[in-house]
Amino acid sequence: MTGLRLWAPWLLLLAFLSQSGTALAHKASDSFIYLDSDAGELRIDVALRDLALLVPLDQNQDRQITGREVRNQRPIITRTVENGLELSAESGVCRLQGLEWGLSRHSDGRYAAARYRIVCPDGDDPGQLQYSLLFDQDSLHRGLVRITSDSGSTLAVLSPDRNTLPLTSGSSRPLETFAAFLVEGVVHLLIGLDHILFLLVLVLPVSLMAPETGSDTIRSSIVRLAGIVTAFTVAHSITLALAALNLVTLPIAWVETVIALSIAVAAVNVIWPVLGRKTWKLAFAFGLIHGFGFASVLGDLTSGVSDMAVALAGFNLGVELGQLGLLVLGFPVLCLFSRWRLYQRAIVPAILLAVVGTSLVWAAERAAFI
């Protein structure tokens with residue numbers, strides 16, 4: 001009975017992660033808004049999985065959304081999306097005149113897409129965009145905006161606490177773009193359970209090597225941790241840039257599946273180091289794949305955008321800040337726990353078991369979309 005009581009919490013953790021991990025591990029909830037200032041047109045793409053929170057898309061309750069079901073709900077979808085989107089000029093609220101409607105595909109699945117002509121009172125140009133779709137249902141939802149004009153393209157992020165965007169034609173706001181995508185990088189790292197679990201299994205061995213308080217041991221642990229973080233950072237920064245710049249593209253379903261498998265392999269390697277004990281090499285190798293996962297946020301929005309480098313730098317730095325924040329808070333706690341024999345012999349193996357099981361569930365679910 002003692003053994004059962006010891007393992008029960010971790011088995012429950014495994015069950016919880018297996019059930020809830022899919023939503024937590026995938027790409028964040030985003031809508032894409034493309035505004036062509038010169039043509040006076042706007043296109044908005046909203047993920048079907050997000051629309052399902054607002055509109056009863058799965059009418060036969062088979063947990064699959066078909067094209068026919070989406071078309072049947074087109075009037076409700078159109079009304080819902082238009083209610084969450086408003087453009088205005090000095091002369092008043094602008095009207096959206098429908099031009100085209102259908103389905104589009106982004107890196108993470110199917111989206112409902114609509115293109116509109118923007119008709120403002122007195123023929124004015126729109127001066128402000130307000131977006132509120134899904135914020136009441138998901139506080140982490142974002143509206144990713146790309147504004148195009150003859151002078152170039154700019155990017156912006158709309159969120160619950162910043163849902164209004166001035167539309168000054170031709171203006172470039174690099175500092176605002178950098179700050180917005182820096183925040184999104186932090187958020188993306190913190191809500192990405194797969195990336196967090198990967199970091200956990202990378203630093204666990206380092207924490208187990210530092211059960212003593214000697215200065216040499218502490219220094220050695222810090223050096224090892226710095227090597228792991230640096231290797232992971234360099235690797236995912238390389239592939240994040242390559243993917244976001246469209247120099248190298250990989251199918252997102254393959255990337256997500258390999259990310260899940262990489263977590264399982266890294267966890268197994270803690271107990272059976274078949275790939276060696278130099279964790280920084282493992283961090284670099286799998287960090288290359290994780291970079292493609294991070295890039296899924298930017299790749300659907302930033303192709304050919306003039307301030308792409310600014311958005312990329314902000315997002316990448318945000319990912320690093322989120323990662324460092326987790327390590328600063330979590331690594332000392334892991335080192336403290338490592339002094340307990342029970343933690344080393346029972347709790348760590350149970351954590352690794354939960355991580356392996358969860359990762360394999362993710363891999364199986366993601367492989368179904370390949």
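A few notes on this one:
- Subset of the stretch 105-132 [surrounded by 15 or more Cβ atoms within 10 Å (Cβ to Cβ), without any contact (Cβ under 8 Å) to a residue 60 or more places away in the chain and under 21 Å from the mean Cα position of the chain (by Cα)]: SER132
Here is a yes/no grid of residues against (1) closer than 21 Å to ILE228 by Cα; (2) crowded, with 17+ Cβ neighbours inside 10 Å:
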{"residue": "LYS278", "(1), (2)": "yes, no"}
{"residue": "LYS281", "(1), (2)": "yes, no"}
{"residue": "GLY287", "(1), (2)": "yes, yes"}
{"residue": "VAL310", "(1), (2)": "no, yes"}
{"residue": "GLY318", "(1), (2)": "yes, yes"}
{"residue": "GLY322", "(1), (2)": "yes, yes"}
{"residue": "CYS335", "(1), (2)": "yes, yes"}
{"residue": "VAL348", "(1), (2)": "yes, yes"}
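- Number of positions in the stretch 256-273 that are in a helix (DSSP H, G or I), over 11 Å from LEU360 (Cα atoms) and of a type outside the set (A, V, I, L, M, F, W, C): 2
- Qualifying positions in the stretch 82-99 - among the hydrophobic types (A, V, I, L, M, F, W, C) and assigned to a strand (DSSP E or B): LEU85, LEU87, ALA89, VAL93, LEU96, LEU99
The rows are residues; the columns are (1) touching a Phe, Trp or Tyr at 6+ places or on another chain (Cβ under 6 Å); (2) not assigned by TED's automatic domain parsing to the domain that holds PHE284.
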residue	(1), (2)
PRO160	yes, yes
PRO166	no, yes
PHE178	no, yes
VAL187	no, yes
ILE196	no, no
PRO205	no, no
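- Boolean, SER215 is at pLDDT below 80 and either in the same structural domain as LYS278 (by TED's automatic domain parsing) or surrounded by fewer than 21 Cβ atoms within 10 Å (Cβ to Cβ) (or both): yes
- Pairs, first over 20 Å from ALA283 (Cα atoms) in the stretch 248-266, second assigned to a helix (DSSP H, G or I) and basic (Lys, Arg), C-beta under 9 Å, six or more apart: ALA253/ARG366
- Residues of the stretch 174-206 satisfying the condition of being within 10 Å of the chain's Cα centre (by Cα) and hydrophobic (A, V, I, L, M, F, W, C): VAL186, VAL187, LEU189, LEU190, ILE191, LEU193
- Checking each residue in the stretch 25-64 for being of a type in the set (Lys, Arg) and either crowded, with 19+ Cβ neighbours inside 10 Å or farther than 17 Å from ARG110 by Cβ (or both) picks out only LYS27.
- Any hit, the stretch 31-48, residues being at pLDDT 85 or above, on the phi > 0 side of the Ramachandran plot and of a type outside the set (Ser, Thr, Tyr): yes
The values are calculated or read from the model by the stated rules, or taken from the named source; none is laboratory data. Note that this is a predicted model, so its numbers are computed, not measured. All Cβ positions, even for glycine, are placed from backbone atoms using ideal geometry, and neighbour counts span all protein chains on display.
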